[in-house]
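Take a look at the structure below.
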Amino acid sequence: MPESKRVVVVTGGSKGIGRAICLRFAREGARIVFLHYDPDDVAADETLKLLQDRGIEATTKKLDVSSFADVEEFFREVVEEFQGLDVLVNNSGITRDALFLRMSEDQWDQALSVNLKGAFNCAKAAVRFMVKQRSGRIISISSVVGQIGNIGQANYAASKAGIMGFTKSIARELATRGITANAVAPGFINTEMTRNLPEKARDFFLNQIPMGRVGEPEEVAEVVYWLASEGASYITGQVIHVNGGLYM
Ligand code: NAP
């Protein structure tokens with residue numbers, strides 16, 4: 001399949017890293033379906049316009065990735081409409097930060113449901129079709145925090161460490177089916193998620209980044225795109241860190 005004709009599903013494509021991923025695939029002319037969740041559709045509409053202005057065949061759907069049934073139906077619709085599914089990027093993510101002593105069951109459940117169960121739901125639905133076509137790429141966005149932990153993020157860190165274990169396990173299971181599964185672990189990236197951090201937490205991270213700056217969403221998108229490209233055909237089960245040296 002020429003890269004320009006591939007069908008790419010990006011979860012959480014309305015803004016931040018997800019939007020940059022959509023725009024990176026758009027540069028190659030891929031067909032793009034992205035998910036968003038906020039009832040206020042402004043960001044999603046903006047991404048859609050950016051894609052359509054580039055002449056890209058693109059659609060978006062408001063859907064909660066933590067709903068197994070909704071995700072299953074969505075992937076069935078995508079395959080029916082686009083006659084295939086080549087790349088899944090599990091990018092949707094939320095934070096529900098609290099110190100562990102104060103963390104509620106609900107905060108734990110929400111972070112795990114969107115970040116980890118969401119990736120399970122999407123991969124499960126996508127793989128059914130990828131197995132039949134004997135090809136596919138699954139790239140899931142983890143985090144440096146899944147590797148090193150973080151104060152106030154026991155739930156988030158657990159979900160992102162879970163993405164690493166999940167990715168390596170399905171990579172082993174799907175390797176002979178022509179499907180690769182890899183994770184990208186960003187460090188501190190300039191998006192709404194980090195812009196909302198208290199200044200103290202921002203400074204704490206910045207001081208630990210050898211490159212002395214935050215990363216841009218495009219710098220993560222480039223790696224995601226490459227993992228989905230022909231150039232990464234022999235790479236599976238890996239976690240690629242994009243973090244300016246924050247963790248090495
Ligand atoms: P962001 O700007 O807050 O974007 C998050 C995206 O996820 C949005 O498109 C949002 O859609 C979507 N989303 C949230 N809940 C959803 C749900 N239940 N179902 C479907 N979509 C949902 O965050 P970001 O910084 O770009 O983060 C993207 C990914 O990178 C996340 O997995 C995050 O954990 C990871 N990451 C980020 C950083 C960083 O420094 N920014 C570092 C490491 C890892 P709506 O806009 O419609 O709500």
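The values are calculated or read from the model by the stated rules, or taken from the named source; none is laboratory data. Quick caveat: nothing in here was measured; it's all calculated off a predicted structure. Note that each Cβ is placed from the backbone with ideal geometry, even for glycine, and that neighbours are counted across all protein chains shown.
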One residue from Leu88, Leu35 being outside any helix (DSSP H, G or I), within 18 Å of the chain's Cα centre (by Cα) and either within 8 Å of the ligand (Cβ to nearest atom) or without any contact (Cβ under 8 Å) to a residue 12 or more places away in the chain (or both) = Leu35
For the range 145-248, which helices (runs of 4 or more DSSP H) that fit wholly inside it have 1 or more residues that are under 16 Å from Ala123 (Cα atoms) and charged (D, E, K, R)?
-> 154-174
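Taking the range 220-248 on its own, how many of its residues are under 19 Å from Thr191 (Cα atoms) and under 14 Å from the mean Cα position of the chain (by Cα)?
8
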Residue count, the range 210-231, condition more than 24 Å from Glu192 (Cβ to Cβ) and either touching a Gly at 6+ places or on another chain (Cβ under 6 Å) or without any contact (Cβ under 8 Å) to a residue 60 or more places away in the chain (or both), comes to 3
Mind counting the residues in the range 4-27 that are touching a helix residue (DSSP H, G or I) at 6+ places or on another chain (Cβ under 7 Å), more than 9 Å from the ligand (Cβ to nearest atom) and without any contact (Cβ under 8 Å) to a residue 60 or more places away in the chain?
-> 2
Test: residue in the range 67-86 that is at pLDDT 95 or above, surrounded by 15 or more Cβ atoms within 10 Å (Cβ to Cβ) and within 20 Å of Pro217 (Cβ to Cβ) | no
